[in-house]
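To start, the structure under review is shown below, and the notes come after it.
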Amino acid sequence: MLWYNVIMAHLLYESMFLSRFKENSMPKDKATYQIELEKDMMLFLEQMTTQYDLPDVSKAVRCLVDYALCVETARDDIFAEIRCNRCD
């Protein structure tokens with residue numbers, strides 16, 4: 001497992017007012033966090049960054065977090081089921 005630094009935006013209040021925010025005009029309240037990812041997870045994020053022409057991997061992570069924040073019905077799909085893809 002490797003450590004990667006990603007920039008996460010504080011989006012709780014933004015998710016409540018998405019209609020008022022347009023691309024590149026969202027308030028910037030970002031901080032750098034260190035997260036632990038498996039190599040294949042980072043590879044996936046890099047692939048999505050390329051495929052969707054995102055500026056960097058941090059943006060890919062922010063997209064995932066935004067989705068979980070904004071689409072309440074997706075939260076159970078993401079977090080309720082325990083997936084053990086790397087269990088021994």
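In the set 76, 53, 40, only one residue is outside any helix (DSSP H, G or I), acidic (Asp, Glu), at pLDDT 60 or above and out of contact with any Cys (no Cβ under 9 Å at 6 or more places or on another chain); that residue is 53. Residue 14 - would you say it is farther than 29 Å from residue 84 by Cβ, modelled with pLDDT under 95 and not in a loop (DSSP other than H, G, I, E, B)? Answer is yes for this residue. Pairs needed: first member in segment 40-64, closer than 20 Å to residue 74 by Cα; second member anywhere, modelled with pLDDT under 95 and charged (D, E, K, R); C-beta distance under 9 Å; at least 6 residues apart or different chains. Listed pairs, sorted by first residue: 62/30.
The values are calculated or read from the model by the stated rules, or taken from the named source; none is laboratory data. It should be emphasised that the depicted structure is a prediction, and the values quoted were computed from it without experimental measurement. For neighbour counting, all protein chains shown are included, and Cβ atoms are generated from backbone atoms with ideal geometry for every residue, glycine included.
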